[in-house]
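Structure first, then comments.
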Amino acid sequence: MSTSSISSIRGMADYLPEACEILEQVETAIRDVTDIYGYRQIRTPIVEKTDLFSRSIGEATDIVEKEMYTFQDRNGDCLTLRPEATASCVRAGIQHGLLHNQTNRLWYLGPMFRYERPQKGRYRQFHQFGIEAFGWTGPDIDAEIISLGTRLWEVLGLEETNLEINYLGSGSSRLNYLKNLKKFLKSRSAELDDYSQNRLETNPLRVLDSKNVTTQKVLEDAPEILDYLDVTERRHFDKLLKYLELTSINYQVNTRLVRGLDYYTGAVYEWKSNYLGAQNAFCGGGRYDDLVAQLGGSDLPATGFACGMERLVDLYNQTKSIKKRSGDIYVVMLGTAAENVGYPLAETLRRANISTICNCGGGDIKKQLRRAGNSNMLIAIIIGEEEAANGQLTVKPLRSGDQQLTVAQNEIINVLRLQLERETSFFR
Ligand code: AMP
């Protein structure tokens, strides 16, 4: 048997306690903001039938062509670890009868899997928080979702979040645009990078997203999608921009903005930040009015966004709003009589919602106090032979430098509550 140690899979990170605490702060903000906007959570399995993704995301997308974790289960069924959750939400909504002439405001949070080349901000297991709204056709709901996102960035204290927006159109306007775009790209194909040359036939919209400098130069002369929108689409887009202005949301129209998934049909948008480096988009979304019907449901309009948690946390880490988390009490116990008092006391404190660690592993007072100081607790309660015998406790503030106090056991909770408030302000 090999004794070499086993490491995690490339591109799949462990979240150690400190990282989890920061993640929890971001998750709490997400729960608060989605709640305030009236969105309800949905959770779906991380494994789905492969067809669900190939039929929704698009056969000629990077995700479906080369990034899915697909395998056969023991029954021979072809399954995939979800690369995103919109298709799953639609599948669940259809399956449970949520998407029949109804409206739904939903949010989700969970791990996604894509076999991409790992680098900063790009992983093989990553997490997405997302919003999906079903049943509304107008731009009012798109504006609402964008304002929910904007509010979340504000609550998290993020700076420099730039919203870029475009309108992809659907039906004949999209076809007409694609025809002209293809014609243009073909006429300049010799100047395009290899990837764009390949995408030209299968998915010409993706060429607009090329990061290649020479291709970008060519794209400066490319036809623009906004010139091809029909009257209704143009009206939708203008109205959406009006709504954003009404709620003081800054945006920039970027006519080359397209998304990596094929199902978008109307407004699309992305938030980017200069603080993120090469992978600068941290949230993106838009309208996908055809997807519900395409996956076997009724003809129901839909819109939403997906936000990468790792990139969001990266941005959050760069703000000043991070709070290191502290606990409350470390119980130092010296001898059996002290333990007889200490263990029941710890349970009483925990019942009163005061977080408490009891010293484990014995040790003299010096050793136990050193452990208390190294923990993230704010106050030590010291119980020695004498305290145990007299029904008293010694309270030693660990952060403020205040004098230690002797307190009667029956007064301890009130004293702790006051002192904890003081200690919190000294905790870094
Ligand atoms: P998408 O589902 O491709 O529209 O992406 C939405 C958001 O998910 C992006 O803006 C990123 O923040 C995040 N994201 C997508 N792929 C990855 C990845 N491989 N690693 C980390 N975050 C990702």
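The values are calculated or read from the model by the stated rules, or taken from the named source; none is laboratory data. In this text the structure is predicted, and so the values were computed from the model without any measurement. Please note: Cβ atoms are built from the backbone with ideal geometry, for glycine as well, and neighbour counts cover all protein chains shown. Surface accessibility is based on the protein's heavy atoms, side chains included, excluding ligands, DNA and RNA. Shrake-Rupley method; radii C 1.70, N 1.55, O 1.52, S 1.80 Å.
Please get the size of the charge dipole for region 284-428, origin at its Cα centre, with Cβ charges of +1 on Lys and Arg and -1 on Asp and Glu, quoted in debye to the nearest 20.
520 debye
Could you give the spread of the C-alpha atoms of region 315-428 along their three principal axes, from largest to smallest, in whole angstroms?
Cα extents, longest axis first: 52, 28, 27 Å.
What aspartates and glutamates could a cross-link reach from Lys239, if we take a straight Cα to Cα line under 12 Å and drop same-chain neighbours fewer than 8 places away?
Asp140, Asp142
Checking a compactness column here: for region 92-171, what do you get for Rg(Cα) / (2.2 N^0.38 Å), N being the number of residues?
Scaled against compact globular proteins, the figure is 1.37.
Keeping the other protein chains in place, figure out the carbon and sulfur percent of the accessible area of region 311-428, with a 1.4 Å probe. The partial results should precede the final answer.
Numbers: 3120 of 6540 Å².
Using a 1.4 Å probe with all protein chains present, region 311-428 comes out at 48 percent carbon and sulfur.
Please state the charge dipole magnitude for region 325-369, taken about the Cα centre, from unit charges on C-beta atoms (+1 on K and R, -1 on D and E), reported in debye and rounded to the nearest 20.
Computed charge dipole of region 325-369: roughly 140 debye.
From the C-alpha coordinates alone, can you work out the Kirkwood hydrodynamic radius of region 53-100, in Å?
Result for region 53-100, one decimal place: 11.9 Å.
Within the P(r) computed for region 210-299, what percentage of the Cα pairs occupies the region above 19 Å? If you can, show how the numbers build up before the last one.
Values: 2198 of 4005 pairs.
Every Cα pair in region 210-299 considered, those over 19 Å come to 55 percent.
Determine one quarter of the surface area of the Cα convex hull of region 8-132, which equals its mean projected area, and express it in nm² to one decimal.
Average projection, Cα convex hull of region 8-132: 9.5 nm².
Pick out, from Cys360, Thr348, Thr44, the residue whose Cα sits farthest towards the positive end of the charge dipole of the chain, with +1 on the Cβ of Lys and Arg and -1 on the Cβ of Asp and Glu.
Value: Cys360.
Find the accessible area per residue for the chain; the probe is 1.4 Å, ligands and nucleic acids are left out, and the unit is Å².
Result: 51 Å² of accessible area for each residue.
What order, most packed first, do the peptides 221-230, 78-87 have when packing is the mean number of other Cβ atoms within 10 Å of each residue?
Details: 221-230: 16.6, 78-87: 21.2.
Going by the mean number of other Cβ atoms within 10 Å, highest first, we get 78-87, 221-230.
Measure up Lys183/Lys211; Lys183/Lys272; Lys120/Lys211 against 19 Å on the Cα-Cα distance and list the ones that go over. Spell out each step's value before the answer.
Numbers: Lys183/Lys211 21 Å; Lys183/Lys272 30 Å; Lys120/Lys211 17 Å.
Correct reply: Lys183/Lys211; Lys183/Lys272.
For the chain, modelled as a Gaussian network with Cα springs under 10 Å, which listed residue fluctuates most, Asp328, Asp402, Asp238?
Highest fluctuation among the options: Asp402.
Determine the principal axes of the Cα atoms in the chain, then give the extent along each, sorted from largest to smallest and rounded to whole angstroms.
91, 63, 46
So if I place +1 on the C-beta of Lys and Arg and -1 on the C-beta of Asp and Glu, and nothing else carries charge, what would the dipole magnitude of region 359-419 be about its Cα centre? I want it in debye, nearest 20.
I would put it at about 380 debye.
Per-residue HN-Hα couplings for region 402-415, Karplus 6.51 cos²θ - 1.76 cosθ + 1.60 at θ = phi - 60°, whole Hz, x for Gly and Pro?
Listing the rounded values in order: 5, 4, 6, 10, 9, 10, 5, 4, 6, 10, 4, 4, 4, 4 Hz.
How high is the relative contact order of the chain, in percent, counting Cα pairs under 8 Å that sit 6 or more residues apart?
Here the relative contact order equals 15 percent.
What ranking, highest mean first, results for peptides 24-33, 145-154 when packing means the other Cβ atoms within 10 Å averaged over each residue?
145-154, 24-33
If you average the sequence gap of Cα pairs under 8 Å that are 6 or more apart and divide by the length of region 306-414, what percent do you get for the contact order?
Details: 145 pairs, mean separation 28.5, N = 109.
So the answer I get is 26 percent.
With all protein chains present, how much of the accessible area of region 89-172 (probe radius 1.4 Å) comes from carbon and sulfur, to the nearest whole percent?
Here carbon and sulfur together make up 45 percent of the probe-accessible area.
Per residue Cα convex hull volume for region 138-276, in cubic angstrom?
Roughly 115 Å³ of hull volume per residue.
Please list, in order along region 103-117, the HN-Hα scalar couplings obtained from phi with the Karplus expression 6.51 cos²θ - 1.76 cosθ + 1.60 (θ = phi - 60°), rounded to whole Hz, x for Gly and Pro.
10, 9, 10, 10, 9, 9, 8, x, x, 10, 9, 9, 7, 9, 6
Which residue, chosen from Ala267, Thr247, Tyr288, occupies the Cα position most advanced towards the positive end of the dipole of region 221-340, where the dipole is computed from +1 (Lys, Arg) and -1 (Asp, Glu) charges on Cβ about the Cα centre?
Selected residue: Thr247.
For region 161-177, just list the computed ³J(HN,Hα) in residue order, Karplus coefficients 6.51, -1.76 and 1.60, θ = phi - 60°, integers in Hz, with x standing in for Gly and Pro.
Rounded to whole hertz, the list is 9, 9, 8, 10, 9, 8, 9, 8, x, 9, x, 5, 5, 5, 4, 4, 5.
Given N residues in region 131-210, what is its alpha carbon radius of gyration divided by 2.2 N^0.38 Å? Display every interim value, and only then the final one.
Numbers: Rg = 17.6 Å, N = 80, 2.2 N^0.38 = 11.6 Å.
This ratio for region 131-210 stands at 1.52.
Can you list, largest first and rounded to whole Å, the semi-axes you get for region 1-54 by taking the square root of 5 times each eigenvalue of its Cα gyration tensor?
Gyration-tensor ellipsoid for region 1-54: 32, 23, 8 Å.
Using amide H atoms built in the peptide plane, which far-off residues or other-chain residues are under 5 Å from Met12 H to H?
Arg124, Gln125
Compare the Cα positions of Cys89, Ile381, Val155 along the charge dipole of the chain (+1 at Cβ of Lys, Arg; -1 at Cβ of Asp, Glu; about the Cα centre) and return the one farthest towards the positive end.
Ile381
Distance between the C-alpha centers of region 252-296 and region 1-67? Whole Å please.
Each part's Cα centre sits 18 Å from the other's.
What order do you get for 128-137, 180-189 when each peptide is scored by the mean count of other beta carbon atoms within 10 Å, highest first? Display every interim value, and only then the final one.
Working: 128-137: 21.7, 180-189: 15.7.
The peptides rank, most packed first, as 128-137, 180-189.
Count the net charge of all other residues whose Cβ sits under 11 Å from the Cβ of Glu116, scoring Lys and Arg as +1 and Asp and Glu as -1.
+4
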